[in-house]
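Chemist: Provided herewith is a single structure, encoded as structure tokens, for subsequent inquiry.
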Amino acid sequence: MNRNSINQNLELPDFSNSGTILRTLVIVNLLGLLAAYLRSTDWREMLSQWSNIAAVSQPLLISSLVVFYLIEKRLRDYSYPYAVFALFAIEGLLGVIAHWLSEPIFEISLERYWVLSLVTLGFLLWYFNLRSRALSPALAEARLQALQARIRPHFLFNSINAVLSLIRTEPSMAEKALEDLADLFRVLMADNRKLTTISREIELCREYLELEKLRLGERLQTEWHIDKMPRDAMIPPLILQPLVENAIYHGIEPSLEIGVISIHIYLRRNEVHVVIRNPYTPGKQAHREGNKMALANIRERLSLHYDVEAGMNSELMGNVFQIHITLPYIKESERHA
């Protein structure tokens, strides 16, 4: 599944995605195991047959994955039929090379190499297209729309009440709050299936925090640590704001004391890390189930966008609750290319 867009009917598997690579390895080895089972009478013979099949198929499989990874970006410049034709042509050529290199060791004809590689490739393309159709557009778009972070109704009412209280005393502040509120809901109502820049997400978070500051006052304190943030990174929209909202809802609201929400965003080993911490007051966490639901929704959105390449962990460290998200570093220039 192409991680930059999940709104496609037919598309090549994303050979740079670790989930695609892992599934390919598992499927090919399971097919080899099935072939060994059909050709054997007991489990010992089956293991022997499987090892022989693996000795032939694994070098071809690994070389195919490497080549497909290297040429993937070029293949996406072509239509799906031409790209598939190119894959089969390359796989046929790799079969010739594999046959030439292994001929002194294995007595397998070139035709068998071609059947082995081309049938397997066809099955993999069929599987990934089937999986892609299961996720998009009918299912994935509906689930993404359903999983988009929705600002809780009480936030809207509280923000409007805060603006009303400022209209006479602080008209300029009330105008700015209304602009932030309109901008926030404009993003929420947009089609949020495509990736956006992390800078835009931070801007949205700041607008949201300014609105919440009107209600919570000095109780809400925020620390930003974004000096090492890659500003051209692309991330799913409405990922940061719901996490910040979650931190306020579960960490600031239950307590009458001043609370600090810290947001760390940095780049490490070609991965974007987002770490959000909020206070945790034992005995005052009245919304645990809602917290789990919000985190589960975001985790599922990350899976739909990135498969297994993104992750989210949550942990309680004393009086601090932490959310840590890792995302693959996709540059804005690469996405447009």
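The numbers here are math on the coordinates, done by the rules we state, and not lab data. Computed from a predicted structure; not experimentally measured. Note that we place each Cβ from the backbone using ideal geometry, even for glycine, and neighbour counts take in every protein chain shown.
Chemist: Full extension from residue 44 to residue 160: what is 0.36 nm times the residue separation minus their Cα-Cα distance, to one decimal in nm?
Modeler: 34.5 nm
Chemist: For the residue pair residue 271 and residue 111, what label-to-label distance in nm results when each label sits 7 Å from Cα along the Cα-to-beta-carbon direction?
Modeler: That separation, rounded to one decimal, is 4.9 nm.
Chemist: Please work out the C-alpha center-to-center distance from the stretch 91-112 to the stretch 297-332 and express it in whole Å.
Modeler: Comparing the Cα centres of the stretch 91-112 and the stretch 297-332, I get a distance of 44 Å.
Chemist: In whole Å and largest first, what semi-axes does the C-alpha gyration tensor of the stretch 1-128 yield when each eigenvalue is scaled by 5 and square-rooted?
Modeler: Over the Cα atoms of the stretch 1-128, the semi-axes work out to 28, 17, 11 Å.
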